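Enquirer: Can you keep this structure in mind? I'll have questions shortly.
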Amino acid sequence: MFIRTERLFLRPGWPEERAELAGLILGVQGLSDEARTRIDTASSAMYPQFCITLPGEQGAQLIGGVELISAAGATTLEFWIAAAFRNQGFATEAVRAVLGLAQTLGHRDIAGWHFVEDAASGRVLGKAGFGANGQTRHCLHPVRDRSEPALIYAVSLDEPGNCDDPDGLMRAA
């Protein structure tokens with residue numbers, strides 16, 4: 001599956017990108033076992049995983065990832081953006097695109113979360129229509145390889161406007 005947005009191209013990851021993905025996730029050497037397993041896990045039709053790329057004259061640069069996963073009986077959206085590409089709206093653009101696809105796939109209620117220390121990811125979720133539900137849980141941090149507190153968010157795709165493409169430019173294939 002592929003998605004084209006105004007500035008981004010979301011596509012499946014390739015096995016030969018494993019080292020590059022790990023380096024972008026961490027920004028340093030080493031990766032937890034769970035994060036390594038997630039990189040190696042195949043995407044499925046209902047729970048796709050995407051590499052976020054930024055097309056340019058020299059090709060498409062890998063800048064992050066976004067995926068839908070099934071966790072504890074719920075559909076959860078997870079995303080990350082490499083440090084050099086943060087604060088430019090790329091995460092919000094990618095999350096909105098995947099929410100539109102999730103709605104097309106028949107998902108209705110999507111959970112999201114971010115580590116307590118990562119307020120920027122909370123702003124991304126808010127811009128994409130998620131609301132904090134007042135719950136917290138511990139999630140495994142991919143770099144620190146230990147559980148850290150996270151805030152839980154949710155969005156209902158049945159509510160109008162929650163996954164609309166504001167410019168009408170998103171295209172999925």
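The values are calculated or read from the model by the stated rules, or taken from the named source; none is laboratory data. The model shown is predicted, which means the values in this text are computed figures rather than measured ones. Methodologically, a virtual Cβ is constructed for each residue, glycine included, from the backbone with ideal geometry; neighbour enumeration extends over all protein chains shown. For the accessible areas, the whole protein counts, side chains as well, though only heavy atoms, and no ligand, DNA or RNA atoms are used. Shrake-Rupley method; radii C 1.70, N 1.55, O 1.52, S 1.80 Å.
Enquirer: Quick one: A84 ticks every box in (1) in a helix (DSSP H, G or I); (2) under 15 Å from R7 (Cα atoms); (3) open to solvent by 20 Å² or more (accessible area, probe 1.4 Å) except a single one, so which number is it?
Expert: That leaves (2) as the condition not met.
One line per residue, one yes/no per condition, for (1) among the polar types (S, T, N, Q); (2) over 20 Å from I3 (Cα atoms):
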{"position": "T53", "(1), (2)": "yes, no"}
{"position": "S70", "(1), (2)": "yes, yes"}
{"position": "E78", "(1), (2)": "no, no"}
{"position": "E93", "(1), (2)": "no, no"}
{"position": "Q103", "(1), (2)": "yes, no"}
{"position": "D109", "(1), (2)": "no, yes"}
{"position": "G131", "(1), (2)": "no, yes"}
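Enquirer: State yes or no: is T75 among the polar types (S, T, N, Q), at pLDDT 90 or above, more than 14 Å from the chain's Cα centre (by Cα) and surrounded by 12 or more Cβ atoms within 10 Å (Cβ to Cβ)?
Expert: no
Enquirer: Moving on. Quick one: which residue in A97, A128 is at pLDDT 95 or above and touching a strand residue (DSSP E or B) at 6+ places or on another chain (Cβ under 6 Å)?
Expert: Exactly one of A97, A128 is at pLDDT 95 or above and touching a strand residue (DSSP E or B) at 6+ places or on another chain (Cβ under 6 Å), namely A97.
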